[in-house]
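Undergrad: Pasting a structure below so you can have a look.
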Amino acid sequence: MDIPVEEELLKNLTLNSPETDIQAPLVTSQPAAAAISNGNLSASVPLLMPSMKKSWHEHVSQDLRIHLVHKLVQAIFPAPDPAVLLDIRSVNLVAYSCEVEGNIYESANSRVEYYQLLAEKIYNIQKEMEERRRSKCQSRS
């Protein structure tokens, strides 16, 4: 199966964000959090379905959309420890990322534009996180 260049780039995208120092109690009663921590995002990602179906939507699988939601989550909070994903804020982060992806999915007019908008969003998130980290470091100095 031939994978378009844009899709391949997005699948291989590495996200480097500053490390965070969030420490919070873990929430274990959330089924979505358990699915996330097991690496089963498909069971926990409630993808938004567009109000109007566009022809290019049939060329974007649910698995790819879930993968891209995961990339958004990683851009905002790259948690190396899966247990961190049990935190209620991580569950909320996945919900937020699903909403962002859904809005982009619905507003884009082509698959290429969808990929472009998602890549721009990820870039802007990383840039903002880097700026926050820099300002936090400067305020400590």
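Any read-out appearing in this document is the output of simple, stated calculations on the displayed coordinates, not a laboratory observation. In this text, all values refer to a predicted model and were calculated from it rather than measured experimentally. Cβ coordinates were reconstructed from backbone atoms using ideal geometry, including for glycine residues, and neighbour counts include every protein chain displayed.
Undergrad: Going by what's in this entry, would E99 be described as part of a helix (DSSP H, G or I) and without any contact (Cβ under 8 Å) to a residue 60 or more places away in the chain?
TA: Yes: the conditions hold for E99.
Undergrad: Tell me which residues, restricted to the stretch 49-85, are surrounded by 15 or more Cβ atoms within 10 Å (Cβ to Cβ) and small (G, A, S).
TA: Result: A75, A79.
Undergrad: Tally the residues that are over 15 Å from the mean Cα position of the chain (by Cα), surrounded by fewer than 16 Cβ atoms within 10 Å (Cβ to Cβ) and either part of a helix (DSSP H, G or I) or hydroxyl-bearing (S, T, Y) (or both), restricting the search to the stretch 107-126.
TA: 4
Undergrad: Farther than 20 Å from L64 by Cα, surrounded by 14 or more Cβ atoms within 10 Å (Cβ to Cβ) and of a type in the set (D, E, K, R) - does that describe any residue in the stretch 127-134?
TA: Yes: the stretch 127-134 contains one or more residues that are farther than 20 Å from L64 by Cα, surrounded by 14 or more Cβ atoms within 10 Å (Cβ to Cβ) and of a type in the set (D, E, K, R).
Undergrad: Could you check, for the stretch 80-91, whether at least one of its residues is closer than 21 Å to E130 by Cβ and not in a helix (DSSP H, G or I)?
TA: Among the residues of the stretch 80-91, at least one is closer than 21 Å to E130 by Cβ and not in a helix (DSSP H, G or I), which makes the answer yes.
Undergrad: Right, next: Of all residues in the stretch 45-61, how many are over 12 Å from G102 (Cβ atoms), assigned to a loop (DSSP other than H, G, I, E, B) and over 19 Å from the mean Cα position of the chain (by Cα)?
TA: The total comes to 3.
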